[in-house]
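Below is one structure, written out as structure tokens; comments come after it.
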Amino acid sequence: MNKKFKTLSEVYQTGKPQEIIKEEKKPFVPMSSLYRLVREAEDMSYTISAQDETGEVEVLGTVSSEVKSEIQRDVYRHAKELNKKFNGLLDVSGFQFKEFNNYLFGIIKQYEVDADKFENFLANKNKAEDRKLSSILSGSYGEIDLEDVMLPLVDRFGIIERSGQDQRNFYQELIQGSFKIQGTNVGEGEFMLAMLTDAKKAPGEGDVTSGGIAYEIGTQDKTLPGPWSKGRSGKASKGDERKGSISYLGMNDGIANVVGLKERDPEQALEFITSTLKEAFGKHYDDNHIKNHAQMIFNDPNLSKSIVGCYALNYYMKEHNDDYIVIMNYGRAVAAKKYQRAPGFTRYMYAKDWDTCFANMVNEQNFIVTVDGVNITRIKIQ
């Protein structure tokens, strides 16, 4: 309401008081509404796009700044929730280490993930029968195509197939995850099995465990540390310590030496074989066990490599309280085309049991373990 202004002299002269001018009442407008009107008046449109790992950009549409902000919040919430779930998988799998955390997230960002699928996948890690490693690797010995088993699990993980190779690429990248953790090498294949099956990394119990069974996991030419790193002062040849070591007994020149010694002095040859086996492996085998296999080598020196290899693997499994050895046809040797088996070809056996080892390493060459001149033990499948 406004008043028409009059001077004091005008009021006295006219005898009329100040006039009041009535104006039409306007509704109250809060400041928030004014700000909104200003924003709408000045609003800009935004083009929303998505870029894949190759750099190709797909335009999704044009939206207002308000919708853009909503999209940003949704994307952030989506990413944060999925990240929590990925961390949850690492945690229940025993792989909550910085190196593997960074590795998994580095892989994940390259692919599209169905959040609902992954949530269900995580919830059923230890429940789904076809994800139990002890069911996948059943029996005392077997061979499987691991890709036939694992690729359907990658799909259930939630990796969305766009290029036709996304799921296979993701699977292969999981296999390659390998780091040294707390002084121990975590080899190829362990991380993949822990992410896709019910397997879990458990300190002091093999590489991974499932259903109370400890598995030693590896790719072609996996190395195994052994207690036989020191050579014996040679009984077969003075001055050459290697000729008294277990590695020498498993090498071609060692076999030739045994043959020559057997011809010259059979008793010394048998003693050399027996004492070499006993010094390297006597902790886990009694004298009769060692004497029996020393006699086998004496009777047929060509069995020396396979018997020494059998001892080396079985001893390792006993020392580490492992149950199964699992060797996959992956790794650097496969990349170099050293092995002709199809990718995914895998053999496993209950290597803690001597008879199973002997059947699959001496009677059959399903696993080949060699101990070379510098006492490095390698295992492969052919």
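The values are calculated or read from the model by the stated rules, or taken from the named source; none is laboratory data. Here the structure is a predicted model, which means the values were calculated and not measured. So basically every Cβ, Gly included, is an ideal-geometry build from the backbone, and we count neighbours across all protein chains shown.
Checked against (1) surrounded by fewer than 19 Cβ atoms within 10 Å (Cβ to Cβ); (2) of a type in the set (A, V, I, L, M, F, W, C); (3) over 26 Å from Asp52 (Cα atoms), Leu151 passes all but condition (3). In segment 292-330, the qualifying residues are those that are of a type in the set (Val, Ile, Thr) and within 15 Å of Val371 (Cα to Cα), and the one that is modelled with the lowest pLDDT is Val308.
For Ser163, the conditions (1) surrounded by fewer than 18 Cβ atoms within 10 Å (Cβ to Cβ); (2) at pLDDT 90 or above are fulfilled apart from (2). Answer yes or no: is there a residue in segment 269-279 that is surrounded by fewer than 21 Cβ atoms within 10 Å (Cβ to Cβ) and either in contact with a Leu (Cβ under 7 Å, 6 or more places away or on another chain) or outside any helix (DSSP H, G or I) (or both). There is no residue in segment 269-279 that is surrounded by fewer than 21 Cβ atoms within 10 Å (Cβ to Cβ) and either in contact with a Leu (Cβ under 7 Å, 6 or more places away or on another chain) or outside any helix (DSSP H, G or I) (or both). Within segment 263-271, identify whether any single residue is closer than 24 Å to Glu364 by Cα and either at pLDDT 90 or above or of a type outside the set (D, E, K, R) (or both), and answer yes or no. No.
Residues checked against (1) basic (Lys, Arg); (2) within 15 Å of the chain's Cα centre (by Cα):
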{"position": "Phe105", "(1), (2)": "no, yes"}
{"position": "Glu119", "(1), (2)": "no, no"}
{"position": "Lys132", "(1), (2)": "yes, no"}
{"position": "Leu146", "(1), (2)": "no, yes"}
{"position": "Pro152", "(1), (2)": "no, no"}
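Asp240 - would you say it is at pLDDT 90 or above and of a type in the set (D, E, K, R)?
When the stated conditions are applied, Asp240 does not pass them.
Taken over segment 150-198, the criterion of being β-branched (Val, Ile, Thr), within 22 Å of Ser135 (Cα to Cα) and not in a helix (DSSP H, G or I) is satisfied by Thr197 alone. Counting only strands (runs of 3 or more DSSP E) that sit completely within segment 334-382, those holding 3 or more residues that are under 22 Å from the mean Cα position of the chain (by Cα) correspond to 345-349, 377-380.
Picking from residues in segment 243-262 that are in contact with a Lys or Arg (Cβ under 8 Å, 6 or more places away or on another chain), at pLDDT 75 or above and in a helix (DSSP H, G or I), the one that is surrounded by the fewest Cβ atoms within 10 Å (Cβ to Cβ) is Ile255. The combined condition, being touching a residue at least 12 places away in the same chain (Cβ under 8 Å) and either aromatic (Phe, Trp, Tyr) or touching a helix residue (DSSP H, G or I) at 6+ places or on another chain (Cβ under 6 Å) (or both), is not fulfilled by Leu146. Determine whether Thr223 is in contact with a Lys or Arg (Cβ under 6 Å, 6 or more places away or on another chain), at pLDDT 80 or above and of a type in the set (Ser, Thr, Tyr). It is true that Thr223 is in contact with a Lys or Arg (Cβ under 6 Å, 6 or more places away or on another chain), at pLDDT 80 or above and of a type in the set (Ser, Thr, Tyr).
Being buried (at least 22 other Cβ atoms within 10 Å of the Cβ) and not hydrophobic (A, V, I, L, M, F, W, C) is the filter; apply it to segment 178-199 and report the residue that is farthest from Pro343 (Cα to Cα). Ranking the candidates gives Asp198 first. Among the residues of segment 331-382, the ones that are under 20 Å from Gly254 (Cα atoms) and either modelled with pLDDT of 95 or more or of a type in the set (A, V, I, L, M) (or both) come to 8 in all.
Count of segment 316-367 residues, restricted to those that are of a type in the set (Ser, Thr, Tyr) and surrounded by fewer than 21 Cβ atoms within 10 Å (Cβ to Cβ), is 3.
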